[in-house]
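Remarks on the structure that follows.
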Amino acid sequence: MNAFRSYQPHSTRPAAAVIWRHIDAGDGPGLPDLRAVRLTATELAALGHLGAGTTNLMASREDGLSYDHCQRVCRAALDRVRTETDGRIMHMAGLLHHLYLTGMLQPAETGIAHTLSAQERTIVDLIIAGVPIRALHEHLGTSKEAARVVYRRLKETTGSANQLHLVGRAHALGVFRSSHPRNLMHPPPLCPDALRVAEELVTGALNPAIADMLGMSLAEVTGHLDRIGQLTCARARHTRAHQLLASGLVAPPPASRPLPVFSSAEKRLLSTLRSCELWQSIATSAGLSLSSVKPAMQSLIFRAGADNRTHLVGLAHAWDLFDHPPSARATPGVSPP
């Protein structure tokens, strides 16, 4: 029996929705212009090593970049790309994919054009969207073992050493050459309970308060938030809130006061909350030191009348302070429970 018989790659399943939202295979409206980010030659070289599956020894022999140095350079580049693309590229695999698509990186190896099965291509798309290997079965609608079997077969077929190498090999083998642009900005549907949790999340409510308001257990609230994180490819509460609000899945919370007059520095700091998740990346993007970024954020939260960073993001959307591409204003979708 085919373990994937029930899978429909272009259905309205949440997995399909998040894939098409975060991945483009051509010059569609959702493809960010990475040339505007101005990645350095060192950053491109380091990213090229990751896409080529280069080992520590090979990297050192080729251009003196150690594997650890490659990792540090690539993480810094990804943080910058997250900020400058307004969170439209959130993961390393997605960054590599877009660099190959735009010709800023060339696959390290050539290969004969190869056609993947529907399940194999879907796994490539999921990896580019930032879905961890351990969660592939949830999006494919199969058992963990069935997903592992197809992933192992995919690595063997493409000659890939790891996930990032798989992205490079997929491009080298011409997997994306015949693809058509996809509409990236359709928001992933949420079940009614998850949507209710999302509506409370953007108000800045914490898990115990959400559980009390919705009559759920803490475990249920945590489970719905984890699912929201998977669908939005965001790890922090404030970046999840931004993705939910930018895609139109939920409405922003009501603002209890008029829009304050923010300084340019405050606007820059507020803008970092769209995509920066760690204090270090927030500080770097806002041009602040690590010791000064937290007091500056607390001052901004107080001036806005917000409870926390997540509520601040919600109020910023209520005041329409963030610019969004037209296609980001989508109609909320709700899937059956």
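Pull out the extension gain between A161 and S264, defined as 0.36 nm times the separation in residues minus the alpha carbon to alpha carbon distance; nm, one decimal.
So the extension gain works out to 32.5 nm.
Report in % the part of the accessible area of region 127-265 that belongs to carbon and sulfur, leaving out ligands and nucleic acids; probe 1.4 Å.
In region 127-265, the share of accessible area belonging to carbon and sulfur is 56 percent.
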key: Rounded if a/c under 1.5, otherwise prolate or oblate - region 236-289, Cα gyration tensor axes   = oblate
remark   = Dividing the surface of the Cα convex hull of region 205-256 by four yields a projected area in nm² of 3.9
ask   = Separation of region 90-162 and region 238-287 by C-alpha centroid, Å?
value = 32
query = Straight-line reach from K294: which lysines have a Cα under 25 Å away, not including same-chain ones fewer than 8 places off?
reply = K267
ask   = By how many nm would the segment from E145 to D320 grow when fully extended, if each residue of separation counts as 0.36 nm and the alpha-carbon distance is taken off?
value = 58.4 nm
27 Å Cα-Cα reach of K155 towards lysines, excluding residues that sit fewer than 8 places from it in its own chain = K144
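The values are calculated or read from the model by the stated rules, or taken from the named source; none is laboratory data. Keep in mind that this is a model prediction, so the values were computed, not measured. Only protein heavy atoms, including side chains, enter the accessible area calculation; ligands, DNA and RNA are left aside. Shrake-Rupley method; radii C 1.70, N 1.55, O 1.52, S 1.80 Å.
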